[in-house]
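One structure is given below, encoded as structure tokens.
The values are calculated or read from the model by the stated rules, or taken from the named source; none is laboratory data. What you see is a predicted model, and the numbers here were worked out from it, not measured in a lab. Cβ atoms come from the backbone with ideal geometry, glycine included; neighbour counts cover every protein chain shown. Areas reflect the complete protein model, heavy atoms only, side chains present, ligands, DNA and RNA absent. Shrake-Rupley method; radii C 1.70, N 1.55, O 1.52, S 1.80 Å.
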Amino acid sequence: MTNQSPSPQVRDIGEQGLLKLLQQFCPPEIVGDDAAIIDIQPAQSLVVTTDMLVDGVHFSDRTTSPEDAGWRAAAANLSDLAAMGASPLAITVGLGVTGSTPVSWVQRLYQGITGCLQQYNTAIVGGDVVRSPVNTLSITAFGQADPKRTIRRSAAQPGDAIIVTGSHGASRAGLELLLHPELGQNLTQVEREALIQAHQRPKPRLDSLPFLWYATGDSPRVAGMDSSDGLADAILQICQASGVGARIERSKIPVPPALSRLVSAERALEWAMYGGEDFELVLCLPVGAAERFIMKLGAGAAIVGRTTTEAGVWLADSTRKNPDEQLTLSRGFQHF
């Protein structure tokens, strides 16, 4: 066994040394000035989103490697762009680190960020580095969208189909497997890894947008957001912004089959509705367009309900084995 020398700490290389290291992850023709210049195509809207992650709140060494933390941070921002109907252009990264943070941890974090970004031809074009009592990561993502093809939470109308682009509950299941490795002994290794990957390496659903615009044609009207804070949260937020209600059919909610061998059906449904961090899109659009979209998108996508004129968002059971349940924001993740 070879003895590896420990990674130097951030305080050992200083701010300029750290900046020099991080610039290796950026296009050299863009970084180096006080700000980045990004070309925007004509007749396109600029879309901007920011997400902050804090060590001990959004990630921890117990469940998330530095590479995974970086990937998840990038994916969260790209998912927000997808939820607006935008394609990514670039991101900037604000990094706060303690002086005792190993330089290798920072390198691995950025390797995770760029690993995700490369899937979508997106680059880091700048940012900032500061000393902090706790490691934090703030990413601002820039995208572009056709002004006629943007997705807003407030665009839903009564009678719209409510669509999810994929199954829910996998990320929460993966987290539970990481926290409690003794669980899921009856899962295959492939199933186990798939659930863990859903938590550590989520994929923003930018791939669904071309199918959406195909399905909606020349006059798209789409309401939506991503399900990073849970499926119930997304449906409730859209309905509140649009001034509509909704009825969701519990049997239509797509849940990974492996969850049936991990937890009860009721717990799987709870994870699907409130577990969060699945990073699928939740969309409301006219029924005909919704059906075309589902056919194009394929496995995992489903129409889970309809918007209504009645107040409230209800989880219904067509078999009547379970009473209707009103969904609430209080059961999902809240920072405060």
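Can you give me the relative contact order of the chain as a percent, contacts being Cα pairs under 8 Å and 6 or more apart?
So the answer I get is 21 percent.
Kindly provide the helix-only [θ] at 222 nm of the chain, computed as the sum of -39,500 (n - 2.57) over DSSP H runs of four or more divided by all residues, to the nearest 500 deg cm²/dmol?
Using -39500 (n - 2.57) per qualifying helix, the result is -10000 deg cm²/dmol.
Just to verify a number: what accessible area does Lys296 come out at with the full protein assembly present, 1.4 Å probe, Å² rounded to tens?
Its accessible surface works out to 100 Å², give or take rounding.
In whole Å, what are the Cα extents of the chain along the three principal axes, biggest one first?
Here the Cα extents, ordered largest to smallest, are 64, 55, 35 Å.
Under a 5 Å amide H to amide H cut-off, with H placed in plane at 1.01 Å, what residues pair with Leu327 once short-range neighbours are removed?
Long-range HN contacts for Leu327: Val313, Trp314, Leu315.
Using a cut-off of 21 Å between alpha-carbon atoms, which lysines can reach Lys203, once sequence neighbours fewer than 8 places away in the same chain are excluded?
Those lysines meeting the cut-off are Lys296.
In the neighborhood of Arg247, defined by Cβ-to-Cβ distances under 15 Å, what is the net charge if each Lys or Arg adds +1 and each Asp or Glu adds -1?
Local charge sum for Arg247: -2.
Per-residue counts of other Cβ atoms within 10 Å, averaged by peptide: what ranking do you get for 88-94, 166-172, 185-191, highest first?
166-172, 88-94, 185-191
For the chain, give me the percentage of DSSP beta bridges that are antiparallel, rounded to the nearest 5 percent.
75 percent
Pop out the carbon and sulfur fraction of the accessible area of the chain as a percent, whole number, probe 1.4 Å.
50 percent
Please work out the average accessible area per residue across the chain, using the 1.4 Å probe convention, and give it in Å².
Per-residue value: 49 Å².
I'd like the orientation of helix 103-117 relative to the chain: the angle between its Cα long axis and the longest Cα principal axis, in ° from 0 to 90, rounded to 10.
For helix 103-117, the angle is close to 40 degrees.
Evaluate the Kirkwood expression for the hydrodynamic radius of the stretch 8-134, namely the inverse of the mean inverse distance over all pairs of different C-alpha atoms, and round to one decimal in Å.
Taking the inverse mean of 1/r over all distinct Cα pairs, the stretch 8-134 comes out at 15.4 Å.
Can you work out the base-10 log of I(q)/I(0) for the stretch 212-306 at q = 0.16, 0.21 1/Å, using the Debye formula on its C-alpha atoms alone?
-0.70, -1.15
What do you reckon, how do Thr140, Thr101, Thr328 stack up by accessible area (1.4 Å probe), largest on top?
Thr328, Thr140, Thr101
Under 17 Å between alpha carbons, and skipping anything fewer than 8 positions from Lys321 in its own chain: which aspartates and glutamates qualify?
Within the straight-line cut-off, Lys321 pairs with Glu249, Glu266, Glu270.
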